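The values are calculated or read from the model by the stated rules, or taken from the named source; none is laboratory data. None of the values given here were measured: they were computed from a predicted structure. Neighbour counts are summed over all protein chains in view; Cβ atoms, including those assigned to glycine, are modelled from backbone coordinates with ideal geometry. For the accessible areas, the whole protein counts, side chains as well, though only heavy atoms, and no ligand, DNA or RNA atoms are used. Shrake-Rupley method; radii C 1.70, N 1.55, O 1.52, S 1.80 Å.
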Amino acid sequence: MQSKEENIGLCSFYRERFDSFLNNLSLAKQIKEEDIHKLRVDIKYIRSLLLLIEEFDLDTDAGSKLLKQLNGIFNSAGKLRALQVSKSLLSNSNVDIPSEIMLVLDGRMNVSVEKFGAKWSEFEILKFKKGVASLCSSLNQVNISELKIKTDSIIHDELEIVNKLFNSSQGEEYHHEIRKLLKVVKALQQLLLVLQDDEKRRQALDIVNSTETLLGNWHNYKVMDKFLIKLDKELPQPSVKRILKNLKNQNNKLKLELKNEADKYLRKHF
């Protein structure tokens, strides 16, 4: 027989993630890089947790409405985040960045900041909180034993896809998709650990964390790569093109190093 405490723990876990999102949403108004990053991490986390709602005959309408609310701010924050990552990597590249490049970058950032600000202002916090309350109320109906089984099943299926994707390509074609799958696994593993502590699961979560972090760092350089390619098409000055070539070479070298390191983890553990 399941205890009421287990359902309370499940509801608390979900509420903590929603509260973290609302806190970081408030901080994100300042447009600081770390706050925008945390906001997107929270939304990805919530998306993973809402996967479970689809597996149960619950108030799925509340879950879909929450996702719809989150999508607008997630997408606008993503475009801003990509530019912030590129600016940060440029600043740490040990290359004197021409003013032409910074003008393009700052111009795009200003547009993205404006669009994100509009989405931020439109976000209906009261509506979101009502949706969270409805969803959390439904979680009281969940059979915890069944939830554990279904969650482990989802984790198994996601890791099977990771394995297939990794072994189907020697390049980086599927690495971003693998990273997204590992985020789902990470969120669900953490949920199961809240419900029942388990050392083997903690060790598995550490492996997933390490791999996903490496892929996250790789993805930053992938974002930078796309930005540099766009700049190369837009800026015709020979002196700027020489610097862009230098930046692309440095970026590709670092990107490859991180990919190779992530591949070692994937090959060994997945």
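Please go through the range 8-26 and pick out each residue that is surrounded by fewer than 16 Cβ atoms within 10 Å (Cβ to Cβ) and either basic (Lys, Arg) or in the same structural domain as LEU192 (by the TED database) (or both).
Across the range 8-26, the qualifying residue is only ARG15.
In the set LEU165, LEU188, which member is in contact with a His (Cβ under 9 Å, 6 or more places away or on another chain) and either hydrophobic (A, V, I, L, M, F, W, C) or loosely packed, with under 13 Cβ neighbours inside 10 Å (or both)?
LEU165
Looking at LYS222, is it at pLDDT 95 or above and of a type in the set (D, E, K, R)?
yes
Quick check on this structure: which one of ASP206, ASP197 is within 22 Å of PHE13 (Cβ to Cβ) and outside any helix (DSSP H, G or I)?
Only one candidate passes the filter, namely ASP197.
I'm told LEU126 meets every condition in (1) farther than 24 Å from LEU244 by Cβ; (2) modelled with pLDDT of 95 or more; (3) surrounded by 15 or more Cβ atoms within 10 Å (Cβ to Cβ) except one. Can you identify the failing condition by its number?
(3)
Which of the residues spanning the range 246-262 are free of Cβ contacts under 8 Å to residues at least 40 places away in the same chain and either surrounded by fewer than 12 Cβ atoms within 10 Å (Cβ to Cβ) or over 19 Å from SER91 (Cα atoms) (or both)?
Result: ASN249, LYS253, LEU256, GLU257, ASN260.
Restricting to the range 231-245, and then to whatever is part of a helix (DSSP H, G or I) and surrounded by 13 or more Cβ atoms within 10 Å (Cβ to Cβ), can you tell me which residue is nearest to the chain's Cα centre (by Cα)?
Top of the filtered list is LEU231.
Find all pairs meeting these conditions: Cβ atoms under 7 angstrom apart; at least six residues apart or on different chains; first residue within the range 198-210 and outside the structural domain of ASP263 (by the TED database) and closer than 11 Å to LEU182 by Cβ; second residue surrounded by 14 or more Cβ atoms within 10 Å (Cβ to Cβ) and at pLDDT 95 or above.
none
Would you be able to tell me the number of residues in the range 93-123 that are open to solvent by less than 40 Å² (accessible area, probe 1.4 Å) and farther than 25 Å from GLN30 by Cα?
3
Look at LEU182 and say whether it is assigned to a helix (DSSP H, G or I), of a type in the set (A, V, I, L, M), under 19 Å from ARG17 (Cβ atoms) and free of Cβ contacts under 8 Å to residues at least 60 places away in the same chain.
Criteria met by LEU182.
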